[in-house]
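Everything on this sheet refers to the single structure shown next.
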Amino acid sequence: QVQLVESGGGLVQPGGSLRLSCIASGTIFSISRMAWYRQAPGKQRELVAAITPGGTTNYLDSVKGRFTISRDNAENTVYLQMNSLKPEDTAVYYCYKSGASAYWGQGTQVTVAS
């Protein structure tokens with residue numbers, strides 16, 4: 001059974017930083033494309049960043065230069081380093097594993113406010 005467990009969300013002031021983590025179990029993590037999505041109240045879920053098994057990344061335009069996705073295959077973990085956070089980054093952030101069967105984590109709340 002595949003499980004994705006996120007952590008690292010919280011309340012941060014504008015301009016601050018947070019690092020989200022997602023630990024995967026029950027799957028061969030090293031060959032999985034992983035991603036972070038987010039959903040703000042009243043908005044559709046959107047792709048924030050993704051990383052292939054080989055380490056190729058892509059980002060939502062509005063987070064380029066501020067967010068970095070990375071992975072540690074030995075630890076079955078994918079990270080999202082978020083710097084220079086803005087109020088519009090406020091959302092629930094979800095870890096996602098794509099493949100023949102896709103899986104979502106439970107989500108972690110990120111709130112950017114003064």
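The values are calculated or read from the model by the stated rules, or taken from the named source; none is laboratory data. None of the values given here were measured: they were computed from a predicted structure. Every residue, glycine as well, gets a Cβ built from its backbone with ideal geometry; the counts of neighbours run over all protein chains shown. What goes into the accessible areas is simple: the full protein's heavy atoms, side chains included, and nothing from ligands, DNA or RNA. Shrake-Rupley method; radii C 1.70, N 1.55, O 1.52, S 1.80 Å.
To keep it simple, each residue is scored yes or no on (1) of a type in the set (Phe, Trp, Tyr); (2) over 14 Å from Arg19 (Cα atoms); (3) more than 11 Å from the chain's Cα centre (by Cα).
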position: Thr68; (1), (2), (3): no, no, no
position: Leu80; (1), (2), (3): no, no, no
position: Tyr94; (1), (2), (3): yes, no, no
position: Gly105; (1), (2), (3): no, yes, no
position: Ala113; (1), (2), (3): no, yes, yes
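Restricting to segment 50-64, and then to whatever is touching a residue at least 12 places away in the same chain (Cβ under 8 Å) and within 18 Å of Ala40 (Cβ to Cβ), can you tell me which residue is surrounded by the most Cβ atoms within 10 Å (Cβ to Cβ)? Per the criteria, the residue is Val63.
Please determine, by comparing only the residues of segment 30-55 that are part of a loop (DSSP other than H, G, I, E, B) and polar (S, T, N, Q), which one is modelled with the lowest pLDDT.
Once the filter is applied, the top-ranked residue is Ser32.
Taking each residue of segment 65-84 that is charged (D, E, K, R) and looking for partners that are assigned to a loop (DSSP other than H, G, I, E, B) with beta-carbon atoms closer than 8 Å, six or more apart or interchain, yields Arg66/Asn83; Arg66/Ser84; Arg66/Leu85; Arg71/Gly55. In this structure, Ser114 does not qualify as of a type in the set (Gly, Ala, Ser), open to solvent by 50 Å² or more (accessible area, probe 1.4 Å) and outside any loop (DSSP other than H, G, I, E, B). Consider Arg45 carefully, then state whether it is among the basic types (Lys, Arg), open to solvent by 40 Å² or more (accessible area, probe 1.4 Å) and more than 23 Å from Thr27 (Cα to Cα). In short, yes.
Among the numbered conditions (1) in a loop (DSSP other than H, G, I, E, B); (2) in contact (Cβ under 8 Å) with a residue 40 or more places away in the chain; (3) open to solvent by 50 Å² or more (accessible area, probe 1.4 Å); (4) not basic (Lys, Arg), the only one that Thr27 does not meet is (3).
Count, please, the residues in segment 98-111 that happen to be farther than 21 Å from Gly10 by Cα, of a type outside the set (A, V, I, L, M) and either in contact with a strand residue (DSSP E or B) (Cβ under 9 Å, 6 or more places away or on another chain) or surrounded by 17 or more Cβ atoms within 10 Å (Cβ to Cβ) (or both).
Of the residues in that region, 2 qualify.
Number of residues in segment 67-114 that are among the hydrophobic types (A, V, I, L, M, F, W, C) and modelled with pLDDT under 95: the value is 3. Residues in segment 6-24 that are closer than 21 Å to Pro53 by Cβ and open to solvent by 30 Å² or more (accessible area, probe 1.4 Å): Ile23 alone. Residues in segment 74-97 that are open to solvent by less than 60 Å² (accessible area, probe 1.4 Å) and closer than 15 Å to Phe29 by Cα: Asn76, Thr77, Val78, Tyr79, Cys95, Tyr96, Lys97.
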